[in-house]
Amino acid sequence: MARPFPNPFGKLLLVSLVLAVWPKSGSAFAQTAKGDAARGFEALTSRSFVPGQFPRAQIDNAWKLWGLPEKPANYAELFRERYGLAEAPYANNGLPMGLKTSKMPLGTDGASLDCLTCHGGSLLGKPFPGLGNTMLDLQAIFEELSSRGTKAMRTPYTFCNTRGTNEAGATSVYLAGLRNPDLTLRLPWRNLGLHDDLCEDVPAWWHLKRKKTMYATAEADARSVRSIMQFMMHPLNLPGAFEREQAAFRDIQAWIFSVEAPKWPWELDREKVARGQILHKQHCAKCHGTKDQYPNKVIPLEEIGTDTTRYMGIESAFGDFYNQSWFSRELDGWFGEGYKAQRSGGYQAPPLDGIWATAPYLHNGSVPTLEALLNSGTRPTVFTRSFRTHPEDYDQEKLGWKTTIPMGPSPTTPIDARRIYDTSKPGRGNKGHTYGDILSPAERSDLIEFLKSL
Ligand code: HEC
Ligand code: HEC
């Protein structure tokens, strides 16, 4: 396959890569936090960086859109289940993790989304800030909670096509279309190449400290604080707010670097682990590295063979905007140039520590278990799951979420339709990454036992 489109930032990238003074690949590299992790967690869990998006009254009365005759007694629990949010493991004014008290533009009580809407998951029934939220239905949140009554709102683009994945990239592209490079507002909205079918699976935060580049496509420098401030482009945030909040985001980044992978909570067969470690070294480590060494490899699209929609879906128009804008001008960048967006040509092979806890797999969450990832012929083409994370929802043999094949008539509501992952739909292909296919069933089982131990 030819390169998907010309490299818009070619020269800059080349210069940056040649001059970059990273430790040699293979050394035990770790990012250094420039902020304060404790303050970062405080900011993450108590501060709102955008104005209220959802009226509090609507949050308290959303049941009226659910077809119920009256407010159920266990409303808080049903609310979390409907939208796919975990309980907040910190004081949060009665709101679940991922919603935060925030005044509406006219001063009434409301709530807004925050980083933990997508980055606050749940594991074996317990909330886990820093784990991707694979239960989330962001479309339902926007449609039902931003309305003021009993009719769902229409959204300017799709926030989520399939439950558990979301359109974070489209959100950046949409919001950037309302800004000039100096972050003053611009109207009318400019289309920088909006695609809302990238179906992104949220990565676990404990990998970031080991990475040199971030996002599935390695398009940003993992040290960039400004890159993770993109959602602040909410049109009601004034340009000065970005500069003012950068210190808070430096702290948030420090907290992200401090997140650790969870340990496998059940028994391990040590003999199998030892055999699996050898297989991992033979078949996987050159791309994914080991616990101590992470090579930060990007594999070209044609070689990895996974769905290309995510890669193609962020266009040069957005990259150009980004590289002209405030976001790319962080002073401690490569020789003061800043952290530019770059074209990498493929997908980054992520570290595999804590991999047992981050199902579903691949950048689009198209493969529900590790067993299916390592045996491509067995990957389900259409599946659904409970969208709960209790021990009974977890498959300890295959490593991942238990799935079923949807039966019976097609769902009649969009919320039910989003519970079905159909790998024939755009952005949802489950092909590629066939490196486990040559293993025998016994070898695969050994390798999986080893992966549990990471
Ligand atoms: C709408 C959901 C959503 C929200 C809200 C969100 N993120 Fe993300 N985030 C994602 C997705 C999806 C990715 C993966 C993007 C990709 O690679 O395609 C991601 C990637 C990242 C990464 C890179 C991780 C890696 O290893 O590559 C960081 C860091 C990050 N987000 C930080 C933040 C911070 C900080 C906030 C709050 C300001 C935030 N995110 C808000 C969905 C979200
Ligand atoms: C040639 C490089 C390469 C080899 C060899 C390789 N991988 Fe990967 N792997 C990748 C890349 C690149 C991705 C990301 C692909 C994507 O998301 O589209 C990936 C993704 C994964 C994921 C999904 C990660 C996530 O968070 O969703 C797992 C799990 C994984 N690989 C395990 C393995 C195992 C186990 C082996 C050995 C049998 C292996 N890989 C061999 C390059 C490789």
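What follows is calculated from the coordinates using simple rules that are stated; it is not laboratory data. If you're wondering where the values come from, they're calculated on a predicted model, not measured in any experiment. For neighbour counting, all protein chains shown are included, and Cβ atoms are generated from backbone atoms with ideal geometry for every residue, glycine included.
Which value, to two decimals, describes the C-alpha radius of gyration of segment 30-452 once divided by 2.2 N^0.38 Å?
0.96
Between the DSSP loop rule and a limit of at most 10 other Cβ atoms within 10 Å, which chymotrypsin sites (Phe, Trp or Tyr not before Pro) in segment 206-304 are left?
W266
What is the Cα centroid distance between segment 188-206 and segment 397-454, reported in whole angstrom?
22
Run down the lysines and flag those whose C-alpha is under 25 Å from the C-alpha of K103, throwing out any fewer than 8 positions away in its chain.
Candidates past the 8-residue exclusion: K64, K71, K151.
As a check on your grasp of the helix formula, calculate [θ] at 222 nm for the chain: sum -39500 (n - 2.57) over DSSP H runs of n ≥ 4, divide by the residue count, round to the nearest 500. Please list the in-between numbers first.
On the way: 16 runs with 131 residues, N = 454.
Dividing the helical sum by the residues of the chain leaves -8000 deg cm²/dmol.
Given S102, A248, F450, which one lies farthest toward the positive end of the charge dipole of the chain, if we put +1 on the Cβ of every Lys and Arg and -1 on the Cβ of every Asp and Glu?
The one lying farthest along the dipole's positive direction is A248.
Dipole magnitude of segment 30-452 about its Cα centre, charges +1 at Lys/Arg Cβ and -1 at Asp/Glu Cβ only, in debye to the nearest 20?
420
Could you work out the relative contact order of the chain, using alpha carbon pairs under 8 angstrom and six or more residues apart, expressed as a whole percent?
19
Within the chain, which is the longest segment that contains none of the GluC sites (Glu not before Pro) sitting in a DSSP loop with at most 11 other Cβ atoms within 10 Å?
In short, 71-259.
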